[in-house]
Amino acid sequence: LPALNGTVLQPFFNNIAKMHVTICDHLVAKISLLSYEYPKINTGTTLLISSEEGIGSMFTKNGQALFSFNNHSGEFGHIIIEPDGPKCGCGKSGGLEAIASLKTLTDSCRKHLQNPDLTFDDVCKSYQEGNTLVTEEVQED
């Protein structure tokens with residue numbers, strides 16, 4: 001919102017809008033929602049893996065999010081699985097994210113189907129309908 005440019009969000013919501021907010025990354029928000037919806041994950045250790053633009057991860061132990069020394073929840077997608085593989089957005093080659101993220105799959109299907117407007121939902125529907133090119137991309141080794 002242009003009206004919020006330069007606004008420090010947490011005090012804005014806490015003081016002006018009279019609501020308490022916690023500002024966090026999407027994995028913290030996702031694991032918080034899941035722990036509310038599925039209270040059983042609040043005991044023991046849980047691993048959440050999320051694939052969108054990249055592939056992220058977060059561990060919880062007894063409902064508490066675990067962070068690395070630099071306050072990251074996890075960069076699962078940067079694990080190198082093909083040293084000579086495609087280049088990742090981080091600059092390294094062969095990371096899981098560069099090979100298997102939802103974005104990578106969608107981009108690959110756009111190229112092979114010659115459809116620049118293809119969405120991930122379109123990819124899923126085409127796969128379910130048995131589209132040979134999409135099936136080959138999804139099942140590629």
Among Lys30/Lys103; Lys18/Lys103; Lys40/Lys87; Lys61/Lys87; Lys40/Lys92, which pairs are too far apart, with a Cα-Cα distance over 27 Å? Lys18/Lys103; Lys40/Lys87; Lys61/Lys87; Lys40/Lys92
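Using a probe of 1.4 angstrom, how much of the accessible area of region 70-141 is carbon and sulfur, in percent? Mind dumping the intermediate values first?
On the way: 2370 of 4860 Å².
Ligands and nucleic acids excluded, carbon and sulfur reach 49 percent.
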Extend 7 Å from the Cα of Asn62 along its Cα-to-C-beta direction; within region 31-55, residues with backbone N under 13 Å of that point are 42-45
Considering only DSSP states other than H, G, I, E and B, which GluC sites (Glu not before Pro) in region 65-141 qualify as loop sites with at most 12 other Cβ atoms within 10 Å? Glu129, Glu140
Heavy atoms of Ile41: accessible area, 1.4 Å probe, square angstrom to 10: 40
Surface accessible to a 1.4 Å probe, Lys87 within the full protein complex, Å²: 140
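Tell me which chymotrypsin sites (Phe, Trp or Tyr not before Pro) from region 40-96 have a DSSP coil assignment and no more than 16 other beta carbons within 10 Å of their own. Intermediate results must be reported in sequence, preceding the final value.
Working: sites: Phe59, Phe67, Phe69, Phe76; in loops: Phe67, Phe69.
Filter output for region 40-96: Phe67, Phe69.
Determine the order of Asp121, Asp84 by accessible area, beginning with the largest, at a probe radius of 1.4 Å. Spell out each step's value before the answer.
Numbers: Asp121 115, Asp84 155 Å².
Accessible-area ranking of Asp121, Asp84, largest first: Asp84, Asp121.
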With an 8 Å cut-off on Cα pairs and a minimum separation of 6 or more residues, tell me the relative contact order of region 26-88 in percent. 26
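The values are calculated or read from the model by the stated rules, or taken from the named source; none is laboratory data. Since we're looking at a predicted model, the values are computed, not measured. Note: ideal-geometry Cβ built from the backbone for every residue, glycine included; neighbour counts use all protein chains shown. For accessibility, only protein heavy atoms count, side chains too; no ligands or nucleic acids. Shrake-Rupley method; radii C 1.70, N 1.55, O 1.52, S 1.80 Å.
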